[in-house]
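Right, one structure below, let's go through it.
Readers should treat all values here as calculations from the given coordinates under stated rules, not as data from a laboratory. Only a predicted model underlies this, so the values are computations on that prediction, with no experimental measurement involved. Heads up, the Cβs are rebuilt from the backbone with ideal geometry, glycines too, and the neighbour counts pull from every protein chain shown.
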Amino acid sequence: MTKISPKIVYMGTPEFAVAPLQELVKCGYNIAGVVTVPDKPSGRGLKVNKSAVKLYAEEHLIPNGTRLMQPVSLKDEGFLAELRELDADLFIVVAFRMLPEVVWAMPKMGTFNLHGSLLPLYRGAAPINWAIIKGEKTSGVTTFLIDKEIDTGNILMQRECPIGERENVGSLYDRLMGIGANLVVETVDGLVKGELTPMPQSGKITGAPKLNKEIARIKWDMNDHDQPGSTSAELIDRLVRGLSPYPAAITAMTDGEKTFEFKVFETSIVKGNPEAGIDAGTIKSDGKNYVHVYCADGSAISLDEIQMAGKKRMQIKDFLLGFRNIGQYKFI
């Protein structure tokens, strides 16, 4: 029996979306079109930045006849006409924008999305980050059919992935990218063979809202990110790992006159029982090897790798070479 090869339009933007596309190409699927974001000028010289998906498509797909589309608006009539002209059987979406119904309802086999969580857990823009911030032991990826609401469609396939005890979002992102790439191909294979039965999402629903500076700021002296009780070293450590290496947790220290902003990339929890009566943000350091900061519950966290505004990332020992008087400061 001849294998059916559906005509596919692939939609995505960042590096996370390149791996599934690459795997589809490797398996010989027909990628008729690629949709990604418009190029963006940046920097003083207004250098044009292309999405990771576009860079891949330019090298591997466009020379072979794949059409590249970069619409400003997904409801633009010219863009919609191009999509219809391709007459694709299936749309695949990975780390892209929310699609209007006029787009996702177009192909006869439907439109499915790859999401970086085990839906309905962590619906939203930053599922991988929030899984670590919230202290989950397991993550995973889901393929599901797109419908009118965000991340609510019927599930096609899922794969679980354990979260390491000291894992940060960078390493989990990389692992899920590989697992997700394989799952996208398995999902297409299953749809082609008629072996998949879409199932409604069930179980606990949690959100993964878009990250911002307020979420990224370490709160030394207050309840952190909807967790019960006072801010602790464990909560801050999870926040740092959930945002490292990007966008990174942020904090500041001051001596009452000068204030310095930091990004924090690596921390560890200081062993020992919480100490009562110590103000949150208080610093303990030998001036050479370590910086410990007290949290609201009296526990302490070690700052191990940081970056001052305008400086490069550095280990705490290197930072202390130019900051011997750190004991005069307090984190806020």
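Working only within region 97-118, note down all residues that are assigned to a loop (DSSP other than H, G, I, E, B) and of a type in the set (A, V, I, L, M). Lay out the reasoning, then the answer.
Step one: of region 97-118, the residues assigned to a loop (DSSP other than H, G, I, E, B) are 97-100, 105-110, 116-118.
Residues satisfying the conditions are Met98, Leu99, Ala105, Met106, Met109, Leu118.
Residues of region 143-160 being of a type outside the set (Phe, Trp, Tyr), under 19 Å from the mean Cα position of the chain (by Cα) and in a strand (DSSP E or B), which ones? Give the steps one after another, and end with the answer.
Filtering region 143-160 for residues of a type outside the set (Phe, Trp, Tyr) gives 143, 145-160.
Next cut, under 19 Å from the mean Cα position of the chain (by Cα) only: 143, 150-152, 158-160.
Matches in region 143-160: Thr143, Gln158, Arg159, Glu160.
Tell me, which strands (runs of 3 or more DSSP E) lie completely within region 205-319 with 1 or more residues that are over 30 Å from Pro127 (Cβ atoms), among the β-branched types (Val, Ile, Thr) and in contact with a His (Cβ under 8 Å, 6 or more places away or on another chain)? Please lay out each step first, then the result.
Details: elements: 249-254, 259-269, 283-285, 291-294, 300-308.
The qualifying strands (runs of 3 or more DSSP E) are 283-285.
Select from region 148-158 the residues that are in contact (Cβ under 8 Å) with a residue 12 or more places away in the chain and surrounded by fewer than 23 Cβ atoms within 10 Å (Cβ to Cβ) and write down the one among them that is nearest to Val185 (Cα to Cα).
Result: Met157.
Residue by residue, here is whether (1) part of a helix (DSSP H, G or I); (2) hydrophobic (A, V, I, L, M, F, W, C) holds:
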{"residue": "Pro120", "(1), (2)": "no, no"}
{"residue": "Val141", "(1), (2)": "no, yes"}
{"residue": "Glu165", "(1), (2)": "no, no"}
{"residue": "Asp174", "(1), (2)": "yes, no"}
{"residue": "Met177", "(1), (2)": "yes, yes"}
{"residue": "Gly180", "(1), (2)": "yes, no"}
{"residue": "Leu183", "(1), (2)": "yes, yes"}
{"residue": "Val188", "(1), (2)": "yes, yes"}
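Only one of Ala125, Ala208, Ala181 is within 12 Å of the chain's Cα centre (by Cα) and buried (at least 22 other Cβ atoms within 10 Å of the Cβ); which? Give the steps one after another, and end with the answer.
Details: Ala125 fails: buried (at least 22 other Cβ atoms within 10 Å of the Cβ); Ala181 fails: within 12 Å of the chain's Cα centre (by Cα).
Just a single option satisfies the conditions, and that option is Ala208.
Looking for whichever is surrounded by fewer than 16 Cβ atoms within 10 Å (Cβ to Cβ) and on the phi < 0 side of the Ramachandran plot here; the options are Glu23, Glu59, Glu15, Glu82. Which one fits? Talk me through it step by step, then tell me what you get.
On the way: Glu23 fails: surrounded by fewer than 16 Cβ atoms within 10 Å (Cβ to Cβ); Glu15 fails: surrounded by fewer than 16 Cβ atoms within 10 Å (Cβ to Cβ); Glu82 fails: surrounded by fewer than 16 Cβ atoms within 10 Å (Cβ to Cβ).
Checking each option against the conditions leaves just Glu59.
The rows are residues; the columns are (1) without any contact (Cβ under 8 Å) to a residue 24 or more places away in the chain; (2) surrounded by fewer than 19 Cβ atoms within 10 Å (Cβ to Cβ).
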| position | (1), (2) |
| --- | --- |
| Met253 | no, no |
| Ile269 | no, yes |
| Gly287 | no, yes |
| Leu303 | no, no |
| Gly322 | yes, yes |
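Quick one: Lys47 ticks every box in (1) surrounded by fewer than 11 Cβ atoms within 10 Å (Cβ to Cβ); (2) of a type in the set (Lys, Arg); (3) within 23 Å of the chain's Cα centre (by Cα) bar one, so which box is it?
(3)
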